[in-house]
Amino acid sequence: MARIPPPLWLLAEVTHSCPLQCPYCSNPLTLIRKQEELDTEGWLKVLHEARKLGAAQLGFSGGEPLVRKDLSTLVGAARQLGYYTNLITSGVGMDAERVAELHAQGLDHIQISFQSDSQALNDYIAGCESFEQKKAMARAVKAQGYPMVLCFVIHRLNIDHVAAMLELAAELEADYVELATTQYEGWALLNRDQLLPSRQQVQAAEAVAHHYQEKFRGRMKIYFVVPDYYEGRPKPCVDGWGRVFLAVAPDGVALPCHAARDLPGLEFANVRDHSLEWIWYESPAFNAFRGTGWMKEPCASCDQREKDYGGCRCQAFKLTGDARNTDPTCSLSPLHQVVTEAAQQAEQSSRSAPDRPLVFRNRRNSPKVNTIP
């Protein structure tokens, strides 16, 4: 095997707790309880060890990272260690004073997520009243001198609202807008039949995004990623297993991909028991899909294998039952039909009312019917 590069990007999933109940959440269906989370000292140890390994970019994520009362302490420590830090947040649980506190501690970047362009649809998808809070926090972030970075997670329920989302972003003076395609892991996979848009909807939304890219050229950068169900080629998941990306779950389990702990036959080590150095370089789980030697055909002889690394191992397992299979979003996969069949189902479903309700992240909050605004 070629020399293993150090990790460059650390995702600190500091909690699974969240005031939102989004049915597209990529957290696992079995959420980690608050009492199982790493404490402050545990997270400080993670930050030190990952920085020593070479990680330079740090994302605080969850759940909702603002739930952690020690977030400012962790941000300040990350600044002293020399990380470039990013807070990925719904904005719920934050006020202007807390934005200023995080800024004073050295936080470099804040990304605020919206569920849609209107209060009714945003709050329905979020499972709570949050729209006005998000707008207020976007303005507070801007007031602190941060670049305004907004994220809209795109799926069937809101994909026809892309123009309105971008108008809202312009109203809020956003500098960057990510139209983030839903990744069908966790709760999103559970709800895929209700969330996957049709090819026609994706093409129409992409055209709208391109129009607004020209309209706001030089004023606002807009990113639109086509769902890999419609790409024909798999995306290089986390830029290759164990190459760049290191995630640590709330309970301290270290992962090469935030969704990987569901893969059978792999035992992912916990930072409570092992150093991150050993986990990254030596642990069997992190070496399981490194490089190309593990690949089966058609990946093994594909001239793109060093570019897409066979796609997503989690998606391969969840859609085909074997993590070593070619990601079925690839048109060359022998099991590509599982993706085309899902796309055909989305085409049919987009023309009719949903036949069953969404399952929200907190099952107790799931509505009895799909009364979508």
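Remarks
- Within the same chain, lysines fewer than 8 places from LYS215 are excluded, and of the rest, those with a Cα less than 23 Å from its Cα are LYS135, LYS142.
- Set against the 2.2 N^0.38 Å expectation for a compact globular protein, the chain has a Cα radius of gyration ratio of 0.97.
- The stretch between GLN345 and ASP160, if pulled fully straight at 0.36 nm per residue, gains 64.8 nm over its current Cα-Cα span.
- Sites ARG324 and THR30 - FRET efficiency at Förster radius 22 Å, r taken between beta-carbons, to 0.05: 0.35
- Length-normalised contact order for the stretch 95-166 - Cα pairs under 8 Å, 6+ apart - percent: 41 percent
- Residues of the stretch 87-125 falling in the label zone of ALA170, defined by backbone nitrogen less than 17 Å from a point 7 Å along Cα to beta-carbon, are 117-118.
- By the rule of a C-alpha distance below 17 Å, with chain neighbours fewer than 8 residues away ignored, the aspartates and glutamates paired with LYS307 are ASP228, GLU231, ASP239, GLU297, ASP327.
- At an R0 of 22 angstrom, the distance between the Cβ atoms of ASP239 and GLN213 translates into a FRET efficiency of 0.35.
- Share of carbon and sulfur in the accessible area of the chain stands at 50%, probe radius 1.4 Å.
- In summary, the lysines within cross-link reach of LYS69, defined as a Cα separation below 20 angstrom excluding same-chain residues under 8 places away, comprise LYS34, LYS45, LYS134.
- Potential extension, ALA104-GLU41 segment - 0.36 nm per residue separation minus Cα distance: 20.6 nm
- For the stretch 46-118, diffusion coefficient by Stokes-Einstein and Kirkwood Rh (Cα), 4 °C, 1.567 mPa s, µm²/s: 102 µm²/s
- Only the Cβ atoms of Lys and Arg (+1) and of Asp and Glu (-1) were treated as charged; on that basis the dipole of the stretch 1-146 about its Cα centre amounts to roughly 440 debye.
The values are calculated or read from the model by the stated rules, or taken from the named source; none is laboratory data. Everything numeric here is computed off the predicted structure, so don't read it as measured data. We place every Cβ from the backbone using ideal geometry, glycine too, and count neighbours over all the protein chains shown. Note: accessible area is taken over every heavy atom of the protein model, side chains too, but ligands, DNA and RNA are not part of it. Shrake-Rupley method; radii C 1.70, N 1.55, O 1.52, S 1.80 Å.
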